[in-house]
Amino acid sequence: MKPGVCSYCDKPARLVFGTAIYPHRDDLWTKLFWYCAPCDAWVGCHQGTDTPLGRLANAELRGAKQRAHAAFDPLWQRKQVRDGCSKQRARGAGYSWLAKQMGVEPKDCHIGMFDVQQCLRVVEICRSIGASA
Ligand SMILES: [Zn+2]
């Protein structure tokens, strides 16, 4: 994906401040987002840049990502508590485990980069582990 192009309609996205998308989140007001109004899709940028964090996400993908995080985050959070390690370390270990399960490179393994199908897969994988643990 070229930066700033909508992943749904292939038209150029607009670079906007968080005020345009999250009027109630003043912590996001100064953050930059690529935004496509017709598709109701957006993505945040890497801190201090206008480089998108991943593909633009519409309502369906945002919902899928939330479900993926809801399934995945408790797993590494449990490890963090159990092993007494840092959040970064527990999350890193969680993502390298997830990359193996998903059959993707660890550098490509981030829920923010996943599509709807991959997010559903994350939920399945984490549920099967949660059930056996
Ligand atoms: Zn669009």
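FYI, it's all coordinate maths here, none of it is from the lab. Computed from a predicted structure; not experimentally measured. Cβ placement follows ideal geometry from the backbone for every residue including glycine, while neighbour counts extend to all protein chains displayed.
Rounded to the nearest 20 Debye, what is the dipole magnitude of the chain about its Cα centre when Lys and Arg each give +1 and Asp and Glu each give -1 at the C-beta?
Values: 19 positive and 12 negative charges, 77 e Å.
Once rounded to the nearest 20, the dipole reads 380 debye.
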Inset, instruction - Could you pull the Cα extents of the chain along its three principal axes, largest to smallest, in whole Å? - result: 44, 28, 25
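Give me the Kirkwood hydrodynamic radius of the range 59-132, using the inverse of the mean 1/r over all pairs of distinct Cα atoms, in Å to one decimal. Don't skip to the end; give the middle numbers.
Numbers: mean 1/r = 0.0810 Å⁻¹.
Kirkwood hydrodynamic radius for the range 59-132: 12.3 Å.
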Legend entry - Hits among aspartates and glutamates - C-alpha to C-alpha of Lys107 under 17 Å, sequence gap 8 or more where chains match: Asp115
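How much length is gained if the chain between Cys9 and Asp50 is pulled fully straight, taking 0.36 nm per residue apart and subtracting their Cα-Cα distance, in nm to one decimal? Kindly include the intermediate steps, with their values, before the conclusion.
Values: separation 41, 0.36 × 41 = 14.76 nm, distance 2.02 nm.
So the extension gain works out to 12.7 nm.
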Legend entry - Distance (nanometres) between label positions extended 7 Å along Cα→Cβ at Leu120 and Arg82: 2.9
Legend entry - Nearest 10 degrees, 0 to 90: helix 116-132 Cα axis against the chain principal axis: 20
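Please quote Rg/Rh for the range 1-64 to two decimal places, taking the Kirkwood radius as Rh and restricting both calculations to Cα atoms. Provide the component values of the computation, followed by the final result.
Values: Rg = 10.9 Å, Rh = 11.6 Å.
Taking Rh as the inverse mean 1/r over Cα pairs, Rg/Rh reads 0.94.
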Legend entry - Relative packing of peptides 105-114, 66-75, 17-26 - highest average C-beta neighbours within 10 Å first: 66-75, 105-114, 17-26
